[in-house]
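In what follows, a single structure is set out as structure tokens and then discussed.
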Amino acid sequence: MFEEERIQVENLIKKYCKKENLPELQLQWTWIPFSGHWGISTSMFALAAANARQKQLKSNIPEIATRLAESIADYLGLPVGFEKVEATKGYLNLYFSQSEYFHQVIDLVIRDSKTYGHLENKNELVMVEFSQPNTHKAFHVGHLRSAILGDTLARILEFAGYEVIRSNYPGDMGLHVIKWLWCYLNFHLGEKPEQDITHWMGEIYSEANDRLYENPELEKEVRILYKRWDDRDPEVVNLWEETREWSLQGFYQMYETLGIRFDRYYFNSQMEKPGKEIVQELIDKKIAIDERPEGAVIIKIDEILGLNKEKYRVFVVLRSDGTALYATEDLALAKKKFDDYPQLSRSLYVVDVRQSLHFQQVFKTMEIAGYPWSGRCQHIAYELVNLPGNVVMSSREGTIVLLEDLIREATQRAYQVVQQKNPDLSDDKKMETAKAIGIGALKYPMLARENTKIVTFDWESALDFNGQAAPYIQYAYVRTGSIIRKAGGEITQSIKPEYELTAQETELIDVISRFPREVERSATEFRPIQIANYAYDLAKKFNDFYAQCPVLQVESHIRSARLRLVMATRQTIENSLALLGITAPEAM
RNA sequence: GCCCCUGUAGCUCAAUGGAUAGAGCACCGGACUUCUAAUCCGAUGGUUGUGGGUUCGAGUCCCCCCAGGGGCGCCA
């Protein structure tokens, strides 16, 4: 928006520089940071400094910048599309024509509606792998972060013009699964989960750990069972298949509730064989050293690269007994993704920060082995969700908050408020609204935080719906709906307002116009926090407007203009909430 | 020992290298006869961990420290 006008001004400034024999610099434009105004701004400090350097002048840069800004402002006069040009403290500020800007921004939003902010097709295919839950374990609040972060990144990347494949990688085999099967076979044979599947699965896993802790001599039964799995004993395989399916059904339910979908499932258990093949290939290529049976199969990455410092360390890719490690399987998975989608421009892994070294090792190994796509793999690291006192959530330690419990609690609390404020809604509608609010409230704090910062979970703040939180944004959305409904379906034409806009109106339009830029930035930096903060900012500006500017009870031309502003706000809130995976409710 | 992350208001967190470092929570004082008060307005609150450097300009970039967290050969 206003690109043409900006370029015109830029050309004028370049002309001025040539005329005055000033160095030519790329101008950096920012937004005028003062509230109640809108327009673009550029500083003259860089130009002043470059000029001083070039001419060997020793002088006060801010002073020169101020004079430069002043003479350029004089030179420019009043370019088309702007209503004021101002030089102050070394900055050149160009204020947009209010009615022109209003008209352009609002028309664009209303015209594009659901696609407002959607960027041009980038013709790139990106895979986002996220969630990676372990079957036969509980699904707790810690797991929520990867699921939500990955889902939101996928939404943002899609909106930013990428084609996205969402993939999941459940951990459906490993020691935890064998322990679970052992416990089930001995103490729960014949039982089946009913509701809260992942909860029930988690209970048995936890029981297995307790029993083994109390009676360590039973470990040998677990080892025997693991051997039976390795030999593909039909009884074990069948039981594994059946119980694994229970867990997966539990996950599907959870994703359904959270509004998360996947295009592609890769399973840990399917990567075992191809992983071992890659390890053999690495041994054949003399990249990996086979120290079996005394030692494992290892790769001395630093040595291969000739690094003096320890950076990639030693990477263990196969156990000394020949069984697969997580690392073995991750080598296969990386390759499998590019076998399936050779045109992937990026393969992203949304996995917690503790595995940073692991992924560096995986990607670097594939690079050494000569796979050309290795540079397109990238780990998107995020910090953990801990309990107060920096206590890590762990199924084995029993220090977990179950996702089912949290969702139930949040939804119930939201339901009570809906019940109180909207008693006339049907019960289905109340429940639907409560879910939108409760789940939104859980998602938001995980997104409105830097990926690299730890989230501390406590019940009180998780269930606090006030302040900077999803319900605040949803409430602003509901308010826009009320106004439009009360206007009675009035048709509003494109309009250039002919009255002095209030500060609240200018700021609101300014924020609306920023949306596409926020999408771009959020996508290139893989940071949903940009959108989370943006959505809040937008809602806040609307609430300011709501408090100060009556829409329905004003003269008709103001009413028409404001009604359009409300419509555009509503659309932009809706679009930004959609990127966060948060439902915009009709009533609250 | 090596590597990564974090350090900003009492607490939780923001801030494309730019103008006066901003929100929420908490606390205190106000605003529903109005388009939904899950809202709004006001007040209080800062040596951006320390010390250097780069730059016209540093919370932001670089270096040394300090503090906390995480990772480093057969866990996932």
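So what does log10 I(q)/I(0) come out to for the stretch A:39-196 at q = 0.15, 0.20 Å⁻¹, using the Debye formula with one equal point on every Cα and no solvent? Values, matching the q order: -0.96, -1.15. Phi-derived couplings, Karplus 6.51 cos²θ - 1.76 cosθ + 1.60 at θ = phi - 60°, listed residue by residue for the stretch A:518-523: 5, 4, 4, 5, 4, 6 Hz, with x used for Gly and Pro.
Rg and Dmax of the stretch A:114-184, both derived from C-alpha coordinates alone, stand at 16.7, 54 Å. Take the Kirkwood radius over Cα pairs of the stretch A:337-471, plug it into Stokes-Einstein at 4 °C and 1.567 mPa s, and you get 72 µm²/s for translational diffusion. A compact globular protein would have a Cα radius of gyration near 2.2 N^0.38 Å; the ratio found for chain A is 1.18.
Based only on Cα atoms, what Rg/Rh ratio does the stretch A:272-358 have, Rh being taken as Kirkwood's radius? Ratio of gyration radius to Kirkwood radius: 0.99. Roughly speaking, what % of Cα-Cα pairs in the stretch A:272-323 are separated by over 12 Å, rounded to a whole number? For the stretch A:272-323, the fraction of Cα-Cα distances above 12 Å is 63 percent.
Going from the residue with the fewest nearby Cβ atoms within 10 Å to the one with the most, A:ARG223, A:ARG232 rank A:ARG232, A:ARG223.
In summary, the aspartates and glutamates within cross-link reach of A:LYS430, defined as a Cα separation below 18 angstrom excluding same-chain residues under 8 places away, comprise A:GLU409, A:GLU586. Look at where the Cα atoms of the stretch A:299-357 and of the stretch A:410-477 average out, and the two centres are 39 Å apart. Potential lengthening of the chain between A:GLU3 and A:THR88 amounts to 28.3 nm, from the contour at 0.36 nm per residue minus the alpha-carbon distance. Bridge orientation summary for chain A: considering DSSP beta bridges with both residues in this region, about 55 percent are antiparallel.
With 31 Å as the limit on Cα-Cα distance, the pairs of A:LYS122/A:LYS337; A:LYS311/A:LYS336; A:LYS286/A:LYS311; A:LYS122/A:LYS496; A:LYS137/A:LYS453; A:LYS89/A:LYS496 that go past it are A:LYS122/A:LYS496; A:LYS89/A:LYS496. For the set A:LYS179/A:LYS276; A:LYS285/A:LYS335; A:LYS19/A:LYS55; A:LYS276/A:LYS335; A:LYS421/A:LYS443; A:LYS276/A:LYS309, the pairs lying more than 21 angstrom apart at their alpha carbons are A:LYS179/A:LYS276; A:LYS421/A:LYS443; A:LYS276/A:LYS309.
Each semi-axis of the equivalent ellipsoid for the stretch A:412-569 is √(5λ) with λ an eigenvalue of the Cα gyration tensor; in descending order they amount to 30, 23, 12 Å.
For the stretch A:3-96, the equivalent ellipsoid built from the Cα gyration tensor has semi-axes of 22, 15, 11 Å, listed from largest to smallest.
Per-residue Karplus couplings for the stretch A:566-583, computed as 6.51 cos²θ - 1.76 cosθ + 1.60 with θ equal to phi - 60°, are listed in order as 5, 4, 5, 4, 4, 5, 6, 5, 4, 5, 6, 5, 4, 5, 8, x, 10, 6 Hz, Gly and Pro entered as x.
The stretch between A:ARG67 and A:GLU586 holds 181.5 nm of extra length on full extension. This uses 0.36 nm per residue minus the Cα-Cα distance. With Rh defined as the Kirkwood radius, the inverse of the mean 1/r over Cα pairs, the Rg/Rh of the stretch A:395-474 is 1.03. The stretch A:540-588 and the stretch A:211-283 have Cα centres spaced 50 Å apart.
Angle of helix A:197-214 to the longest C-alpha principal axis of chain A, folded into 0 to 90 degrees and rounded to 10: 50°.
Where a number appears in this text, it was derived from the coordinates with a stated rule and is not lab data. These numbers come from a predicted model, not from an experiment. Cβ: placed from backbone, ideal geometry, glycine included. Neighbour counts: every protein chain shown.
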